[in-house]
Every structure is written in C-alpha cells, then in structure tokens.
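The values are calculated or read from the model by the stated rules, or taken from the named source; none is laboratory data. For clarity, every value in this text was computed on a predicted model and none was experimentally measured. Cβ sites come from the backbone with ideal geometry, for glycine too, and all protein chains shown count toward neighbours. What goes into the accessible areas is simple: the full protein's heavy atoms, side chains included, and nothing from ligands, DNA or RNA. Shrake-Rupley method; radii C 1.70, N 1.55, O 1.52, S 1.80 Å.
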Amino acid sequence: MDVSVVIINYNTFHLTSVCIESIIEKTEDISYEIILVDNGSTECEAVLFKTRFPEIKLIESNLNLGFSKGNNLGLSHAIGNTLILLNSDTVLINNALKIAHNLLIRDPSVGVLCGQLLNMNYIVQPAAGRFPSLKRELLELLRIPHFFDKEKKARYYLHKHADYSRPLEADWVSGAFFVFSKDILKSFPNHKLHENFFMYYEDVQWCYHIRRRLKKKVIYDPRPQIHHIEAASSSTTNQILKNFKVIVPNQYKWMLLEKGLVYTKIFYVIRSLHYFSLRDSHSIRKALIFFLLSLHGIDYYENRLPIEQILNPANRAIVHD
C-alpha cells in the first residue's frame with residue numbers, strides 16, 4: 001500500500017462524505033486506503049459511512065478523543081508507506097495523494113510535507129510558520145522586521161507573508177493535510193504522535209519533533225492542492241477568541257514542555273510589552289491578557305481570567321486577582 005489517509009469525523013457526516021468522495025474521484029495511479037475514525041459522533045450512526053463507502057476502514061470510538069488521539073487511533077490501523085492526516089472539511093482539487101507521496105519519497109531529507117490549502121474561492125490560506133522564540137519576540141518589540149525588504153520579511157514571518165505559489169521550508173506546517181512516512185512515525189515516542197493537546201497546536205509540536213530532534217525538513221509545496229472549507233467560514237471575531245481561548249494556552253503549555261518555565265514567562269512578558277507599545281485600545285487589552293498569563297500561569301489563565309470581557313471593546317471591566 002502506497003498511502004494511508006486518516007480522516008477524523010465528529011458530527012460532520014456531509015462534510016466528511018464530500019471529503020471521501022473527492023479522494024475517490026481525484027486519486028489515480030496509486031494504491032491507497034481511507035481510514036475513517038468516528039470520534040464519538042451523535043449526529044448519525046457511523047455505520048452509514050460504511051454503507052455509503054464500503055471500501056473504507058471504519059473505526060468507531062465511543063468517546064471524542066480529540067484530533068491527536070483520534071489520528072493515532074487511525075494510524076494504528078494504517079498499512080501505507082506514506083501517511084496522510086486529512087481534515088474532514090477538505091476537498092481534494094487534484095491528484096494530491098499521489099503528488100504528495102511522490103514528493104515525499106523523492107527526497108529522504110523531508111520529514112513532513114503540506115500542500116496548498118485554498119478556501120472555496122481559491123484564495124490561498126496560510127499553511128506554514130515559524131516556531132515562537134524569545135529572539136523573535138524581542139525583534140518584534142524593537143520593530144526590527146519593519147526594516148526588512150519584502151522577500152526577507154516573507155522568510156522571517158512566513159504565515160500570511162509567505163509566497164505560497166512556490167515550495168518553501170518552514171518550521172511548522174498545517175495539520176489539515178499532513179504528509180509523512182511510516183518511518184517518521186516510528187521515530188516518535190511509542191510510535192505515536194504526541195497527544196498533549198485535544199485540539200490545536202499539535203501540528204506545531206509534531207513539526208518541532210521532526211525538525212529539531214530528527215533534523216528533517218518541514219516542507220510546504222503548492223503542487224498538491226486542497227480546498228479547506230472551515231477557515232473560510234470563521235469570522236475575525238471568532239478567530240481572535242479561538243486564539244486566546246485555545247491556541248494561546250496550548251502554545252504556553254508547549255513552551256513549558258520544550259523551553260521551561262523561565263523562558264516561557266519571559267516570552268510572554270516581552271509579548272505583552274510589544275502589544276502595549278502598539279498603544280491602541282485593543283492591543284492594550286491583548287497586552288493585559290499576555291501579562292496576566294506570564295504573571296499567574298496557565299491555571300489562572302484557563303480558570304479565572306475573563307478573556308471574553310477583556311477582549312470586548314465595549315467592556316471596561318477591571319480584572320482582579
């Protein structure tokens with residue numbers, strides 16, 4: 001088997017069905033299997049997938065295991081040499097499985113690869129970024145990147161600044177289309193991807209292991225093309241709230257694991273100073289959140305800090321310890 005595709009379904013029968021249909025329609029000249037993990041869905045009986053797509057491997061979990069554990073459950077049944085984690089809210093545009101598989105096997109130095117993610121209007125979505133670091137935060141505080149030319153700024157930031165029309169090497173790539181080999185999986189502890197996070201920031205953690213510990217490349221390549229539906233429908237307000245409610249605490253926990261407590265606290269103090277220096281009211285509110293996180297830690301942040309009230313421009317609530 002050339003490729004094993006693992007898809008997680010949680011109450012998205014229609015979206016997941018469209019995703020599977022696109023794989024069947026677009027994939028040619030390569031052997032593959034589709035492993036669908038139903039993550040404790042209540043929307044409908046998971047067996048309906050098997051009725052509609054008898055060729056898939058269906059794995060049912062009684063609980064919602066989250067993204068990392070759900071994917072590991074699927075990977076434990078995979079027999080392909082190339083492993084692809086594919087979001088259920090994606091649709092293949094071209095023969096992405098074969099293209100990604102061929103790109104991976106041609107270059108043994110590549111540890112993981114992500115293709116081009118586009119919304120339904122064919123606008124490219126950011127799919128690659130840099131690891132957070134003290135050096136980067138200090139440069140941001142001092143406004144040094146403002147003096148970079150366009151090309152240097154794109155290399156420095158990646159993410160929204162990157163040129164996604166050509167291949168590039170990154171620190172991390174999106175988990176929406178996450179392509180790696182079975183040998184890479186075997187290099188992870190217990191031959192499983194890290195399961196520290198229920199959802200979000202796990203792709204950064206996996207890429208950190210691949211890039212820093214295995215010394216393999218993390219690559220974005222525009223040739224495999226995939227529609228990614230979810231990001232196109234999220235409002236800016238929802239994205240900001242998701243960032244502070246889910247991604248920021250996961251990033252903090254990841255930095256504690258990899259960098260230690262002192263490094264992590266200094267990082268968020270500098271980040272808070274950076275946002276405070278921007279001086280507009282919304283940035284100052286963000287600065288307050290980051291400062292309180294650095295001062296009191298993750299338990300206070302997740303259980304006592306009124307993030308939504310602070311972010312709401314119409315709310316002038318004073319936050320008390």
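Probe of 1.4 angstrom, ligands and nucleic acids ignored: what's the accessible area per residue over the chain, in square angstrom? Kindly include the intermediate steps, with their values, before the conclusion.
On the way: 15650 Å² over 321 residues.
Computed with neighbouring chains in place, this is 49 Å² per residue.
For region 224-313, rounded, prolate or oblate, judged on the Cα gyration tensor with a ≥ b ≥ c (square roots of eigenvalues), a/c < 1.5 rounded, else prolate if a/b > b/c?
Since a/c reaches 1.5 but b/c is at least a/b, the shape of region 224-313 is classed as oblate.
Below 8 Å, C-alpha to C-alpha, sequence gap of six or more: please give me the relative contact order for the chain in percent.
19 percent
Any aspartates and glutamates with Cα under 18 Å of the Lys160 Cα? List them, leaving off those in the same chain fewer than 8 positions away.
Glu137, Glu140, Asp149, Glu151, Glu169, Asp171, Asp203, Asp221, Glu230
Using a 1.4 angstrom probe on heavy atoms only, work out the carbon and sulfur share of the accessible area of the chain in %.
Carbon and sulfur: 54 percent of the exposed surface of the chain.
What are the ³J(HN,Hα) couplings of region 176-191, residue after residue, when phi is run through the Karplus curve with 6.51, -1.76, 1.60 and θ = phi - 60°? Round to Hz, x for glycine and proline.
5, 9, 10, 10, 8, 8, 5, 5, 5, 4, 5, 7, 7, x, 6, 6
Pairs of Cα atoms under 8 Å, at least six residues apart: use those to get the relative contact order of region 182-263, whole percent.
This gives 26 percent for region 182-263.
Antiparallel versus total DSSP beta bridges in region 98-227: what percent is that, nearest 5?
For region 98-227, the DSSP antiparallel bridge percentage is about 50.
So how far apart, in nm, are the two label points at Arg155 and Asn81 if each is 7 Å from Cα heading toward Cβ?
3.4 nm
For the pair Arg212 and Leu63, what calculated FRET efficiency results from E = 1/(1 + (r/R0)^6), where r is the Cβ-Cβ distance and R0 = 41 Å, to the nearest 0.05?
Plugging the Cβ-Cβ distance into 1/(1 + (r/R0)^6) gives 0.80.
Mind jotting down the three principal axis lengths of region 258-298 based on Cα atoms? Whole angstrom, largest first.
32, 15, 12 Å, listed from the longest principal axis down.
With both partners inside the chain, how many of the DSSP beta bridges are antiparallel, as a percent to the nearest 5?
40 percent
Describe numerically, in nm with one decimal, the distance between label points set 7 Å from Cα along Cα→Cβ at Lys245 and at Ser281.
In this crude spin-label approximation the distance works out to 2.3 nm.
Compute and list, largest first, the equivalent-ellipsoid semi-axes of region 1-156 from the alpha carbon gyration tensor, each √(5λ) rounded to a whole angstrom.
34, 19, 16
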